[in-house]
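Structure, as structure tokens:
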Amino acid sequence: MIINKHYKNLQSISKNTKLVHTYFPSKYGFSPYQACQHGCKYCDGRAEKYYVEGDFERDIVIRENIPKLLQEQLPKLRERGTISISSGVSDPYQPVEAQERIMPQVAEILTTYSHSVSIMTKSSLILRDIDLWEKVHQKSGVILMISLTFLDDKLRQIFEPQASSVKKRLETIKAFKERGIYVGVLAMPFIPYISDSREGLLALVDKLAELEVDFVLPGGLTLRPGRQKDIFMSIIKDKFPQYLNAFKNLYRENRQSGLAISSYRDRLNREFNQIFSKLPMAVPHYLYQDQFPIYDELYILLEHMKELYSKKGVNTTNLEGALQRYTRWLLAEKKNFNRRRNLRDFDLEQKLLFLIHGGEFANIIKNDKLINFIKGVILERRTFDYLKLKLD
Ligand code: SF4
């Protein structure tokens, strides 16, 4: 496929958020490309809200300054934290990367720093750089997040025409696991009527468990009104006309978020909670435990616990109250941290440790059981098991 390359510089790898990202735990991030040759028919990146100009599959923005930017900015970062190489609107290992070779330069640079990395892709091209990613993993930790929902390659060809085949993605997972690198699977989006059957989900989870992936993040299909929904519906009309009316019904509310009607979402979430429960359904604690300052680690952990317990039907009111109070404390401290450029993450860590040791942290958490749990995590460096829901 002929593409138009547009070279543009990226300005910063810092994320414009006050708190660390918890769903994909990360503090910094970048994407070497914008728009995506993989051309997935459901891709959210096509939505107008992302302002991706031109033909989404052919007009590819290339940020060739990224290696230089990393060399300039990495030494100046004041806080530890995972760097996420991903974007909802591109894939770092899409075909153009075979010629541009930005990612091996990135990996080479990252071997000399102590920031862990997570990389999100649907491409086996990442195998080209596996030796480099293994080096980065040995130094600071790498999580490969590979997207996979279909086990049937005929469906993959319809919905993800230019992405790697199912076989190649499974081989990629296996190869990274064999090198000891962490692998999670982004099992999203399941397509209603086509790839969301109970049998299909069971087959996928068995395959992922066999490959010993570290976690799975399942999700349903969203269709934002406009380009994204129009392109997707034209594929359904063409290839699966028997489901066209059913799709119109599921997405009849035309929500800006693209969500399907709630009865469908509730049914799917119930299936996820039953079927995927063999695997952690969040990035597990052991993958991010030593990659962030302890104040961010605690924030990610409490957010994840809220989700994990509520999926089990446990009342999380007390936990949510403690999390809200902790978040208020953390935001205030971060405001101060950002004002005083001489402070490092170590200084804020010391402040948190001082509050825990001195007993004042109990006034923020207001829950004795949770305080003991936090002491286990922060002072004894114990790890929370996301399947057993207890400290190891
Ligand atoms: S690989 Fe990701 S970014 Fe690229 S088209 Fe597919 S869903 Fe969109």
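Looking across segment 32-41 at every residue that is touching a helix residue (DSSP H, G or I) at 6+ places or on another chain (Cβ under 7 Å) and near the ligand (Cβ under 7 Å from one of its atoms), the one that is farthest from Met1 (Cα to Cα) is identified as Cys40. Scanning segment 249-278 for residues that are among the aromatic types (Phe, Trp, Tyr) and over 19 Å from the mean Cα position of the chain (by Cα) returns Tyr251, Tyr264.
Residues in segment 205-225 that are closer than 24 Å to Cys40 by Cα and of a type in the set (D, E, K, R) were compared, and the one that is most open to solvent (accessible area, probe 1.4 Å) is Lys207. Tyr28 fulfils the conditions (1) within 12 Å of the ligand (Cβ to nearest atom); (2) surrounded by 15 or more Cβ atoms within 10 Å (Cβ to Cβ) except for a single criterion, (1). Residues in segment 141-180 that are open to solvent by 10 Å² or more (accessible area, probe 1.4 Å), in contact with a Gly (Cβ under 9 Å, 6 or more places away or on another chain) and away from the ligand (no atom under 13 Å from the Cβ): 3 in all.
I'd like the full set of residues that are open to solvent by less than 20 Å² (accessible area, probe 1.4 Å) and farther than 12 Å from Gly29 by Cβ, limited to segment 74-88.
Leu74 - this is the single residue of segment 74-88 that is open to solvent by less than 20 Å² (accessible area, probe 1.4 Å) and farther than 12 Å from Gly29 by Cβ.
When you check Ile275 against the structure, is it open to solvent by 20 Å² or more (accessible area, probe 1.4 Å), in a helix (DSSP H, G or I) and closer than 21 Å to Phe150 by Cβ, yes or no? So Ile275 does not fit the description; no. Is it the case that some residue within segment 124-134 is touching a residue at least 24 places away in the same chain (Cβ under 8 Å), within 13 Å of the ligand (Cβ to nearest atom), open to solvent by less than 40 Å² (accessible area, probe 1.4 Å) and of a type in the set (Phe, Trp, Tyr)? No: segment 124-134 contains no residue that is touching a residue at least 24 places away in the same chain (Cβ under 8 Å), within 13 Å of the ligand (Cβ to nearest atom), open to solvent by less than 40 Å² (accessible area, probe 1.4 Å) and of a type in the set (Phe, Trp, Tyr). Residue count for segment 92-122 satisfying the condition of being open to solvent by 10 Å² or more (accessible area, probe 1.4 Å) and either among the aliphatic types (A, V, I, L, M) or within 15 Å of the ligand (Cβ to nearest atom) (or both): 5.
The values are calculated or read from the model by the stated rules, or taken from the named source; none is laboratory data. Keep in mind that this is a model prediction, so the values were computed, not measured. Positions of Cβ are generated from backbone atoms using ideal geometry, with glycine treated the same way; all protein chains shown enter the neighbour counts. SASA here: full protein model, heavy atoms, side chains in, ligands and nucleic acids out. Shrake-Rupley method; radii C 1.70, N 1.55, O 1.52, S 1.80 Å.
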